[in-house]
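Below is one structure, written out as structure tokens; the observations come after it.
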Amino acid sequence: MTDSTTTPPRARFAPSPTGYFHVGSARAALDNWLFVRQHGGTFVLRIEDTDEARNRPEWTDGIISALDWLGMAPDEGPYFQSAQGDAHSAAIEALWESGALYACACTREEIDERTRQRAAAGDPTPGYDGFCRDLGLPRGDGRALRFRTPDEGVVDVHDLVRGDVEFPQRALEDFICVKGNGKALFVLANAVDDRTMAISHVIRGEDQLPTTPRQIMLWGALNRAEGVDLPLPAYAHLPLLVNEQGKKLSKRRDPVAVEMYRAQGFLPDAFRNYLALLGWSPGDEEIVPVAVILERFRLEDVQRSPAFFDVKKLSHMNGVYVRALSVDDFVAACRPWVDPVPGEWVPGAWADPDTGAPVVSPPAWPPERYDAGVFAALAEVVQERVTMLSEVPELVDFLFLADAPDDPDSWQKAIAGDEGAPQILADALAAYEACAWDKDALHEVTLGIAESVGRKLGKAQAPIRVAVLGRTRGLPLFDSLAVLGRDETCRRLAAALARVTPAP
RNA sequence: GGCCCCAUCGUCUAGAGGCCUAGGACACCACCCUCUCAAGGUGGCGACACGGGUUCGAAUCCCGUUGGGGCUGCCA
């Protein structure tokens, strides 16, 4: 095992660019990053892009920008696995020369058929039966190369989170590690790259655990074939992130795109904090600055059972982080949602892969009506009412729209369906035209109206709220009116009044 | 089917044999606060999968059962 107390570790995050950045990947990246930061090591990013059919360059860009957003930019890389062909070929040559590999001409159908026959004969062992193992077939002709797995013995994986895991070699089939086209398969390419990049710690998802004994065998065979003695990396397999059904998070059916969470207005610190809590606990408190996580995180303490990715808890944490922002920082953080800058990152850029629709719409008001100073004046009361930044525009749209937002349900409930509403609106219009214009005065005056019509303030303010702000729920009324201004407030009151009491 | 992993409130977790009448957080419920909505405060509901051992003593150690999950591709 690598002595990490004397040699700074080198850990790698090795995603394949086949889609949006998966939250499970983000967690793996985080644990690598934390480990490396704690030990003064190097965080290497390696893009495993050898699946030409599925990978696309924009997914690589997505990985890089997501890591950047989360404050976990790599120290080294990105390296591209596709650029490591020479190293892969050299490894394949050495392995072949040493006799660790043999060519196999079996087709999938032939293998399956023989498996069926074995099963019928009472032998339940699945997988490849070693048919070509001693045939001495030459390479070429599109033949894949298999690794000759020992029939007896045990591969012991020393796992930093799980302890020793033993795999009996007789259960490990002769697996393919070179494709028929001569290219290395994942299991080999991954191990070879770890060797050439001098990786000391492999920290990845538990789904990779079953492939680890193969990589350990390959590592030993490579050492023998190349006449070197590279130390095996230390392995750590993190628990899977699962959905409500306890199944591994899937790109198809679960909301796993980090880009989507970013678009919805989750803060990177909150997101990272939540991710750290999946399978691990900082102790007394769970909402903690990254410095504390950095101080306390230990791979040995990572939970071994899967963790459910709970958006509700994430949302709660995000709300706490949002409220902890200074007003200035909050205003700045809201910019992409309330006043998107052309050419810069905008939330609407992320579209749902299934529907193609953006998860976040651009602001409802035209850009020229937006006023940063006006927004800032209400920012404090906005801040404590949102959990995600994408909720901000709807709270402040009344400030920047030409008229009160039109929400039929609210109108029906508070004005059309309330016979006392016209009176209240008329009283408010009269009073607001004359009173002092600040939130306390407005509060006072409105309270007077409420008393005069025999209602509690809570009930009396509803028609005014809907007439001016458009909805029954929203920001505190008097703060809002104070910022909107007397003229516009009165204009909207008059408009609402005209709408409920049509001229005879 | 085979191999491997896992098992504390609905969820994330604390718990390294006595500090456990099992703690916290999210969610949920109630109440308080209150100009709506939030936020905040107080309280409540709620778990050691089961069965055997080991031990004076087990959520913690061992075995088994059950349940869940992962892998089982010439994808990564």
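Couplings 3J(HN,Hα) of the stretch A:426-440, computed from phi: 5, 4, 5, 4, 5, 5, 5, 5, 10, 6, 5, 10, 8, 5, 5 Hz, in residue order, whole Hz [Karplus 6.51 cos²θ - 1.76 cosθ + 1.60, θ = phi - 60°; x for Gly and Pro].
A Förster distance of 30 Å, applied to the separation of the beta-carbon atoms of A:Glu488 and A:Glu384, puts the FRET efficiency at 0.75.
Per-residue 3J(HN,Hα) values for the stretch A:280-292, derived from phi via the Karplus relation 6.51 cos²θ - 1.76 cosθ + 1.60 with θ = phi - 60°, read 7, 9, x, x, 4, 10, 9, 8, 9, x, 4, 4, 6 Hz in sequence order (x marks Gly and Pro).
The slack between A:Glu391 and A:Arg139, meaning 0.36 nm per residue of separation minus the straight C-alpha distance, is 84.6 nm.
Placing a label point 7 Å from the Cα of A:Trp96 along the Cα-to-Cβ direction, the residues of the stretch A:170-207 whose backbone N falls under 12 Å of that point are A:178-184. In this simple spin-label approximation, A:Asp61 and A:Thr211 carry label points 7 Å from Cα along the Cα→Cβ vector, and these lie 2.7 nm apart. Close amide H pairs (under 5 Å, H built 1.01 Å from N) link A:Leu475 with no residue at least 5 positions away or on another chain. No disulfide-compatible partner, judged by a Cβ distance under 4.7 Å, exists for the following cysteines of chain A: A:Cys106, A:Cys177, A:Cys334, A:Cys435, A:Cys490. Straight Cα distances below 28 angstrom link A:Lys312 to the lysines A:Lys247, A:Lys248, A:Lys251, with same-chain residues fewer than 8 positions distant left out. Distance between the modelled labels on A:Asp164 and A:Ala73, one decimal in nanometres: 4.4 nm (7 Å Cα→Cβ projection). Projecting the Cα positions of A:Ala498, A:Val311, A:Cys132 onto the charge dipole of chain A (unit charges on Cβ atoms of Lys, Arg, Asp and Glu, taken about the Cα centre) puts A:Cys132 furthest along the positive direction.
Checking every one of the trypsin sites (Lys or Arg not before Pro) in the stretch A:95-136 against DSSP loop status and a limit of 16 other Cβ atoms within 10 Å picks out A:Arg133.
Relative to the longest principal axis of the Cα atoms of chain A, helix A:327-338 runs at roughly 80 degrees. Rank A:Gly420, A:Pro476, A:Ala270 by how far each Cα sits towards the positive end of the charge dipole of chain A (+1 on Lys, Arg Cβ; -1 on Asp, Glu Cβ) and give me just the farthest. Final value for the positive-end residue is A:Gly420. The distance linking the stretch A:269-290 with the stretch A:113-140 is 49 Å (Cα centroid to Cα centroid, whole angstrom). The charge dipole of chain A, taken about its Cα centre with unit charges on the Cβ atoms of Lys, Arg (+1), Asp and Glu (-1) only, comes to about 760 debye. In a fully extended conformation the segment linking A:Gln412 and A:Arg37 would gain 129.3 nm over its present Cα-Cα distance, using 0.36 nm per residue. Multiplying the residue separation of A:Glu451 and A:Ala434 by 0.36 nm and removing their Cα-Cα distance gives an extension gain of 4.3 nm. Averaging Cα coordinates gives a centre for the stretch A:220-262 and one for the stretch A:406-477; these two points are 57 Å apart.
Please name which of A:Ala236, A:Leu218, A:Thr196 has its Cα lying farthest along the dipole of the stretch A:182-238 towards the positive end, using unit charges on Cβ (Lys, Arg +1; Asp, Glu -1) and the Cα centre as origin. Farthest along the dipole direction, towards plus: A:Leu218.
Okay, helix-only estimate at 222 nm for chain A: each DSSP H run of n ≥ 4 adds -39500 (n - 2.57), divide by all residues, round to 500 deg cm²/dmol; what do you get? Rounded to the nearest 500, it is -13500 deg cm²/dmol. Using Cβ point charges alone (K and R +1, D and E -1), the dipole size of the stretch A:154-231 about the Cα centre works out to roughly 280 debye. With neighbours defined as other Cβ atoms within 10 Å of a residue's Cβ, the residues A:Ser250, A:Ser315 order from fewest to most as A:Ser250, A:Ser315. Seen against the Cα atoms of chain A and their longest principal axis, helix A:457-469 is set at about 80 degrees.
May I ask what percent, to the nearest 5, of DSSP beta bridges between residues of chain A are antiparallel?
Details: 16 of 32 bridges.
Taking every DSSP beta bridge with both residues in chain A, the antiparallel ones total about 50 percent.
Counting only Cβ charges, +1 for Lys and Arg and -1 for Asp and Glu, the dipole size of the stretch A:76-129 around its Cα centre is about 240 debye. Model label points for A:Arg323 and A:Glu113, set 7 angstrom from Cα along the Cα-to-Cβ axis, are 6.8 nm apart.
Relative contact order of the stretch A:99-146: what whole-number percent is it, with Cα pairs under 8 angstrom and at least 6 residues apart?
So the answer I get is 60 percent.
Throughout, read-outs are computed from the coordinates displayed, never taken from laboratory work. For clarity, every value in this text was computed on a predicted model and none was experimentally measured. We place every Cβ from the backbone using ideal geometry, glycine too, and count neighbours over all the protein chains shown.
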